[in-house]
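This report concerns only the one structure given below.
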Amino acid sequence: MQKISTLLIIMATVISCHKSTPQETTTPNVKVTYPQSGTVVQSYSFPATLAASQEVKLVARVSGTLDQVNYPSGGMVKKDSPLFTIEPQQYLDAVESSRAQVQSAEAQLEYAKSNYERMQRSSKNNAVSQNDLQQAKSAYLQAEASLNQAQSQLDEASLNLSYCYIDAPFNGEITKNAIDAGNYLSGGETLATIYDEKSLTVQFNMSYNEYLNLPKQIDKIEAYIIANGDTIPARISYIAPAVTTQTGTLAIEATINNTQNRLKSGAYTTIVIPWHTNNNAVIIPETSVGRSLDKKYVYTLNSDNTVNATSVKTGATLPDGMIEITEGLSHNQLYLIDALSAIRPGMKINPITIK
């Protein structure tokens, strides 16, 4: 009897183990909210190089001994201040010699002219032959040509003499002299380079498709560069007339003020070109945007509190982890803020609206 009772207990236990226990289903609480509204400026950023608005190599135009270096080693110089002097004596001598030739030619011309005019008067009375008159005229023309040649030589000698004195062509910063005083130099050698850096040119390249997105009034674009943490306004000043076929880009230049002389020619920087402003942008956290292989989506809430995966297009990435939604989501559309990994389209949720 005891064995039978034990068997009944075991069978009851086995049967109870095979009974299915019903599982309770709960609707998850999920935070939802409406997109923010704000102003978003879409911009392009390009690596750029700074260049002086003027850069001139000071080159010796004549040969000779460098007599003087008239400025400290580098630094700022003013326009027309003397910088270099090449020993001028040989060029002074050439000027004096040419001047003497001009004076001689002037005297010869005066005599030849007077003789020709006298011959003309005498020819009216047949006092001289036509042959003598023609010779007098020829001598007069030759004397005139000799004076012109002598004057040209004097002008050239005077110009060469002026090349002995090299002055600053504009206010600017000059490099250290490349040749010390006392050395002989040949025409064509560079003595120094002077830079006008009160304004700088920002040189960069932009693809043609990016260029087509720019506003038509290029001069009104509020571009800027970022240098040493500072934002400096830049004005578009040049766009190349043709695309470079090898790269498909346009060479573009902008101009910035550099009155404090903090920025230097040749430095690298970044220029930012705003090209579109949306004053009523749809903005959400970037973490609320899901991504699959071929699209981006945001979980939105249907009227029956079911979840829908809404395809979206994104725009500018904003500070504080926010992102612009350009298509697919409106300001009056609730979207799911978090718990995205546990959510599936069609799932019913209990929305908790966050304002």
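The values are calculated or read from the model by the stated rules, or taken from the named source; none is laboratory data. Nothing here was measured: the structure is a model prediction, and the numbers come from that model. A quick note on method: Cβ atoms are made from the backbone with ideal geometry, for glycine too, and the neighbour counts reach across all protein chains shown.
Odds and ends about this structure:
- Scan of region 312-326 for residues that are exposed (fewer than 13 other Cβ atoms within 10 Å of the Cβ), at negative phi and at pLDDT 90 or above, ordered by number: 313
- The residues of region 175-224 that are more than 16 Å from the chain's Cα centre (by Cα), hydroxyl-bearing (Ser, Thr, Tyr) and buried (at least 19 other Cβ atoms within 10 Å of the Cβ) amount to a single one, 195.
- Filter pass, residue 137 being free of Cβ contacts under 8 Å to residues at least 40 places away in the same chain, surrounded by 15 or more Cβ atoms within 10 Å (Cβ to Cβ), basic (Lys, Arg) and not assigned by TED's automatic domain parsing to the domain that holds residue 76: yes
- Within region 302-355, the residues that satisfy the criterion of being in contact (Cβ under 8 Å) with a residue 24 or more places away in the chain, under 17 Å from residue 283 (Cα atoms) and out of contact with any Ser or Thr (no Cβ under 9 Å at 6 or more places or on another chain) are 317, 318, 322, 330, 332.
- When residue 129 is tested against (1) at pLDDT 95 or above; (2) in contact with a Ser or Thr (Cβ under 9 Å, 6 or more places away or on another chain), only condition (1) is not met.
- Residues that are in the same structural domain as residue 172 (by TED's automatic domain parsing) and in contact with a strand residue (DSSP E or B) (Cβ under 8 Å, 6 or more places away or on another chain) number at least 1 in none of the strands (runs of 3 or more DSSP E) confined to region 223-270.
- Pair list, Cβ < 6 Å and 6+ apart or interchain, from region 19-41 residues that are over 11 Å from residue 336 (Cα atoms) and at pLDDT below 90 to residues that are of a type in the set (A, V, I, L, M, F, W, C) and surrounded by 16 or more Cβ atoms within 10 Å (Cβ to Cβ): 28/349
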